[in-house]
Each structure stands twice: as C-alpha cells, then as structure tokens.
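What follows is a single structure, written as structure tokens, with notes after it.
The values are calculated or read from the model by the stated rules, or taken from the named source; none is laboratory data. For clarity, every value in this text was computed on a predicted model and none was experimentally measured. When we count neighbours, we look across all protein chains shown, and the Cβ atoms used for this are built from the backbone with ideal geometry, even at glycine.
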Amino acid sequence: MNVNLKGISEHMLQLGLGALAHANRHSGYSNMLNDSWSDLAVLQAAHSAEILIKARIAEEHPLLIFEQLPKAKQLTSDRVSIEDLFKNGKTIQWSDLPERLYLSTGIELPNVDVFKEFGKLRNGIQHFASVSDKPTSWETYNFVFKVIDPFIYDCWGLYAVDYDEDFDSQEHFPASLLRNEILFNVSPSIVSSSDYWDVDWQTLNEGYVEEMKQRIEDAKQLILE
C-alpha cells in the first residue's frame with residue numbers, strides 16, 4: 001500500500017467511536033443550558049456511522065472510500081498523498097455507503113431501512129428542524145443500537161454501550177436504554193454493574209425483558225470463560 005495512506009482506517013475508527021460516545025451522551029442526558037442536546041445527538045450518531053463504515057471500507061484500501069479521486073496531473077508528488085485527496089478528492093455519500101460497504105468487504109449493513117430513514121432525519125434537523133413524531137433521543141437510540149452496535153461488534157468486537165462520556169455510564173446509560181426498551185449488546189465491561197441499573201423490569205414488555213436478561217447472562221458467562 002502507498003505509505004502516504006497508512007493509518008487512515010485506524011484514525012477513522014477512533015474518530016467514529018469518539019463521535020459515538022458524544023451521540024450517546026447527548027441522547028441519554030439533558031442539559032439545562034442547552035436544549036439542543038437530543039437534536040445534536042442525531043447529527044453525531046449519523047456522523048459516527050458514516051465514519052465507522054468508511055473506516056471498515058478503508059481497511060480494504062483507503063481509496064475505496066472515494067467516489068472522485070485526484071487526476072494524475074493534480075498530484076503534488078509521484079504518489080497520491082493525503083493533501084491531494086483533501087484538495088481534489090470526494091468521498092462517497094451517505095446513501096451510497098451500504099452498497100460500497102458490501103461491494104468492498106462483503107459485509108451487509110444491519111437494518112439498512114433504519115439507516116436510510118435516519119439519514120433523512122439528520123438532513124431535516126440539520127437544515128430545517130426536527131421532523132420526527134418520536135423524541136429525537138429515542139430515534140438516536142434506535143439507530144445506534146440497530147445499526148452501529150451490531151456493525152461495530154461484527155467488525156471489531158466492540159459494543160456501542162461502552163462508548164459514553166458520562167463518568168458513571170456503566171450504571172446510568174444501560175438503565176436508560178432498558179427503560180426505553182432498546183435491545184443492545186451487553187458488554188463484559190458493563191455487566192458487572194447490572195445489579196445497580198435502576199430499572200423496574202415489571203413495567204417492561206415481557207419478550208423484551210426475557211431477551212435482555214439472556215443477553216446479560218451471556219455477558220456474565222464471557223467474563224467467566
């Protein structure tokens with residue numbers, strides 16, 4: 001591989017996870033000084049997904065994330081550089097990400113319909129206003145844990161629930177997901193705090209409770225192995 005392009009996928013992965021932590025923080029909490037947190041979470045979650053998908057594509061080759069590449073006569077040296085790509089390249093658009101991901105890696109993005117609808121929500125919030133009948137914090141939860149969570153687990157063995165900027169996130173964030181009946185992958189790092197999750201299980205859907213309690217037990221078993 002061109003030495004000028006090494007490290008791109010690793011950088012994108014870390015940046016995407018940082019955006020994910022930001023999105024989880026802003027969707028799971030509120031701020032009296034800024035009432036835009038839930039809307040910002042939508043933008044951050046979409047940004048996270050875009051970067052993470054491109055990170056996985058870039059693992060195959062960094063140039064695969066571009067739909068337009070610099071012309072040879074535009075290069076600043078004999079090999080394409082980051083500067084060349086920045087000045088004269090154009091990366092693939094949101095709507096094309098699932099297909100490019102599949103063609104370059106063979107990976108099918110989970111819940112593509114949710115991905116597409118969330119892109120519309122992101123555009124609406126970014127250019128107009130919130131356009132969802134449901135709370136935008138719930139929309140972000142739904143997107144993160146139906147699309148990003150299974151995607152990063154399949155690609156890198158990572159758990160979306162582990163990325164949150166709250167100091168006590170292992171106690172507070174999973175409980176918020178449970179109260180909203182969001183299915184999520186339970187990581188070994190948070191399951192030790194499950195006894196402290198403030199959740200009234202009896203108020204939740206029976207099928208949801210059964211599934212999540214099984215996931216909690218599975219995570220506990222991973223610790224023992």
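Scanning the range 103-148 for residues that are under 15 Å from the mean Cα position of the chain (by Cα) and aliphatic (A, V, I, L, M) yields a count of 6.
Would you pick out the residues in the range 172-212 that are part of a helix (DSSP H, G or I), surrounded by fewer than 16 Cβ atoms within 10 Å (Cβ to Cβ) and of a type outside the set (S, T, Y)?
First, the residues of the range 172-212 that are part of a helix (DSSP H, G or I): 172-179, 188-191, 194-196, 201-203, 206-212.
Still in the running and surrounded by fewer than 16 Cβ atoms within 10 Å (Cβ to Cβ): 179, 189, 195-196, 201-203, 206-208, 210-211.
Within the range 172-212, R179, D195, W201, Q202, E206, G207, E210, E211 qualify.
If you check V144 against the conditions, is it among the β-branched types (V, I, T), on the phi < 0 side of the Ramachandran plot and in contact with an Asp or Glu (Cβ under 9 Å, 6 or more places away or on another chain)? So V144 fails the test. Filtered by the rule that a residue be modelled with pLDDT of 90 or more, in a helix (DSSP H, G or I) and surrounded by 14 or more Cβ atoms within 10 Å (Cβ to Cβ), the range 77-101 gives W94, L97, P98, R100, L101.
For the condition exposed (fewer than 12 other Cβ atoms within 10 Å of the Cβ), of a type in the set (D, E, K, R) and more than 22 Å from the chain's Cα centre (by Cα), E217 does not qualify.
Under 15 Å from K220 (Cα atoms) and assigned by TED's automatic domain parsing to the domain that holds S27, is that true of Y153?
Working: under 15 Å from K220 (Cα atoms): no; assigned by TED's automatic domain parsing to the domain that holds S27: yes.
So Y153 fails the test.
Considered as a group, the residues in the range 44-74 that are of a type in the set (K, R) and in a helix (DSSP H, G or I) include one that is surrounded by the fewest Cβ atoms within 10 Å (Cβ to Cβ), and that residue is K73.
Screening the range 122-144 for residues that are buried (at least 21 other Cβ atoms within 10 Å of the Cβ) and modelled with pLDDT of 90 or more and picking the one that is farthest from S192 (Cα to Cα) gives R122.
Cβ-Cβ contacts under 8 Å between residues 6 or more apart (or on different chains), taken from a first residue in the range 172-194 that is on the phi > 0 side of the Ramachandran plot to a second residue that is in a helix (DSSP H, G or I), are listed as E181/Y208.
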